[in-house]
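Written below as structure tokens is the structure these notes are about.
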Amino acid sequence: MPVLAALAAPPAGAELDGARLFAPCRACHSLDPAERGLPGPNLAGLIGRKIAGDADFDYSPVLRKAGDEGLHWDAQRLHGFLADPAEMFPGLWMSMRGLEDAAEREALVHFLADPASR
Amino acid sequence: MVRAALLLVVLLPFLIATAEPAASEVRYYVLPEGTGPHDVAPAPDGKVWYTGQGKGVLGRLDPATGAVEEVPLGEGSAPHGVIIGPDGAAWVTDGGQNAIVRVDPGSFKVRVFPLPKDAPPANLNTAAFDGAGVLWFTGQNGIFGRLDPKEGSVEIFPAPRGRGPYGITARPNGEVWYASLAGNHIARIDSQKRTAEIVEPPTPEQGARRIWSDSKGRLWVSEWNAGQIARYDPADRGWKSWRLPGDSPRAYAVYVDDKDKVWLTDFSANAIVRFDPVTQQFNSFPSDKAGANVRQMDGRTGEVWGGESGTNRLVVIQTVAPA
């Protein structure tokens, strides 16, 4: 299923899988817009936001550069990022192994794009 | 299964002129594509273990030849930390498998110790052995845990204030402490009660990321948010801190060598930084490539090692000329 289609019609179990897949990320990130001061940027409202768009956060130089160039997060870019973050943004300060399973990436993108997700 | 490859050793030696010590030689070792080296553990036999977080392997480099051996750790593996145990084996904190993994140094046999079945993903970070030979480890999602190799069972405990447990170290007396990045504190593990007692650094929201004991049991803490190296002495409960050079330093790794010199990495400066507690001077060893991102360091006499996660290389700074 294409990424954008996945946003419109979530795959079965996507909500559950997305929450599960996001669980390890919670050590550094929050989806609660009021929660600040974590090791990673707040991810509330990520889709549509400029890259390096959390004004309270000190991003990697490579992300600041992408933001300065006017790049934004959309579902497709996020899907590609989650496959191999360091390949998309070499020198990224965040460290994580990418998700090899496209269905898992779709579920996580859908979860992050849903304003109700916390 | 073990994969072996003879890699291009790199051998890009650079003489880095520093004010003090005199001169140190820096070498780089290129790893197989996609490795994404995270932590390193130099072994007594001269080889160097490293976690390949990007491809779910534990690697071992022979610096003499440049040969690399890779040990796949299991389905979904994403290893973070590696240390050498009292048994000579490599012990890995594997966030992807939510497990502690032992790799035998002779046979490369892999033994996986999963966290309890009902445990949520812990985001396992790093481990250290206490004086009794028990492995203690951190999970960034808000746990610390123990594994007694004699029994083989894994237990986890909720960390005070939840998420954040990151680097961990053992003092010479065997006592284990960890740093909490999101929790902005360090904590002492009571191995009998299996609880953690928080010690607050004086700098608010400092982002205590990694921690290492010196030979006297004083704890050195890299403070990511504050861009500082801090020292806590449990003997007198005193703190002291020093800000790294530069406009906006970001202190990530910390390691204390056998001469009690302190080694750090500064992501903003793209450099390994040496701090001499005697002179209180910093010396910088910038990488020759952008975005090196050395996330951890460890060493042995005359050598300090790190993994350049952003350039897919290992780096060694030779501080003493080989005999």
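Please go through the stretch B:236-248 and pick out each residue that is surrounded by fewer than 23 Cβ atoms within 10 Å (Cβ to Cβ) and not acidic (Asp, Glu).
The initial filter retains those residues of the stretch B:236-248 that are surrounded by fewer than 23 Cβ atoms within 10 Å (Cβ to Cβ), namely B:236-243, B:245-248.
Correct list: B:237, B:238, B:239, B:240, B:241, B:242, B:243, B:245, B:246, B:248.
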Against the conditions (1) in the same structural domain as residue B:28 (by TED's automatic domain parsing); (2) more than 19 Å from the chain's Cα centre (by Cα), where does residue B:269 fall short? Just the number, please. (1)
Residues located in the stretch A:100-118, provided they are in contact (Cβ under 8 Å) with a residue 60 or more places away in the chain, surrounded by fewer than 21 Cβ atoms within 10 Å (Cβ to Cβ) and not acidic (Asp, Glu): A:103, A:115, A:117, A:118
Does at least one position in the stretch B:176-195 carry a residue that is under 18 Å from residue B:277 (Cα atoms) and crowded, with 20+ Cβ neighbours inside 10 Å? no
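Which residues, taken from the stretch A:62-102, are away from chain B (no Cβ under 14 Å) and either of a type in the set (Lys, Arg) or not in a loop (DSSP other than H, G, I, E, B) (or both)?
Pass one, the stretch A:62-102, residues away from chain B (no Cβ under 14 Å): A:67-81, A:102.
Result: A:67, A:68, A:72, A:75, A:76, A:77, A:78, A:79, A:80, A:81, A:102.
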Can you find a residue that is within 14 Å of chain A (Cβ to nearest Cβ), basic (Lys, Arg) and within 21 Å of residue B:169 (Cα to Cα) anywhere in the stretch B:240-255? yes
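Quick grid of which residues meet (1) under 20 Å from the mean Cα position of the chain (by Cα); (2) assigned to a strand (DSSP E or B); (3) within 22 Å of residue B:167 (Cα to Cα); (4) hydroxyl-bearing (Ser, Thr, Tyr):
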position	(1), (2), (3), (4)
B:274	yes, yes, yes, no
B:285	yes, yes, no, no
B:288	no, no, no, no
B:298	yes, yes, yes, no
B:310	yes, no, yes, no
State which residue is modelled with the highest pLDDT when the search covers only the stretch A:21-37 and only residues that are in a loop (DSSP other than H, G, I, E, B) and facing another protein chain (nearest Cβ under 9 Å). A:28
Only one of (1) under 17 Å from residue B:26 (Cα atoms); (2) crowded, with 20+ Cβ neighbours inside 10 Å; (3) free of Cβ contacts under 8 Å to residues at least 40 places away in the same chain; (4) not aliphatic (A, V, I, L, M) is not met by residue B:223, so which one is it? (1)
Checked B:203, B:265 against criteria (touching a Lys or Arg at 6+ places or on another chain (Cβ under 9 Å), among the β-branched types (Val, Ile, Thr) and within 14 Å of another protein chain (Cβ to nearest Cβ)); the one match is B:265
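Within the stretch B:81-118, which residues are within 14 Å of chain A (Cβ to nearest Cβ) and either under 23 Å from residue B:173 (Cα atoms) or crowded, with 17+ Cβ neighbours inside 10 Å (or both)? Even if it seems obvious, please write down each step before you answer.
Step one: list which residues in the stretch B:81-118 are within 14 Å of chain A (Cβ to nearest Cβ), which gives B:81, B:92-99, B:115, B:118.
Those that are within 14 Å of chain A (Cβ to nearest Cβ) and either under 23 Å from residue B:173 (Cα atoms) or crowded, with 17+ Cβ neighbours inside 10 Å (or both): B:81, B:92, B:93, B:94, B:95, B:96, B:97, B:98, B:99, B:115.
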List the number of the failed condition for residue B:226; all other conditions in (1) within 14 Å of chain A (Cβ to nearest Cβ); (2) in contact with a Phe, Trp or Tyr (Cβ under 7 Å, 6 or more places away or on another chain) hold. (2)
Only one of these is within 27 Å of residue B:75 (Cβ to Cβ), touching a Phe, Trp or Tyr at 6+ places or on another chain (Cβ under 8 Å) and assigned to a loop (DSSP other than H, G, I, E, B): A:18, A:40. Name it. A:40
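For a quick check of your reading: which strands (runs of 3 or more DSSP E) sit entirely within the stretch B:184-269 and have at least 2 residues that are closer than 21 Å to residue B:132 by Cα? First the steps, then the outcome.
On the way: elements: B:185-190, B:195-199, B:208-213, B:219-223, B:228-233, B:238-243, B:251-256, B:262-266.
Qualifying strands (runs of 3 or more DSSP E): B:185-190, B:195-199, B:208-213.
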Any hit, the stretch B:196-211, residues being among the hydrophobic types (A, V, I, L, M, F, W, C) and under 17 Å from the mean Cα position of the chain (by Cα): yes
Scan the stretch B:139-154 residue by residue and report those that are within 13 Å of another protein chain (Cβ to nearest Cβ), under 16 Å from residue B:128 (Cα atoms) and either part of a loop (DSSP other than H, G, I, E, B) or at pLDDT below 95 (or both). B:140
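The values are calculated or read from the model by the stated rules, or taken from the named source; none is laboratory data. For clarity, every value in this text was computed on a predicted model and none was experimentally measured. Reconstructed Cβ throughout: ideal geometry from the backbone, glycine too, with neighbour counts over all protein chains shown.
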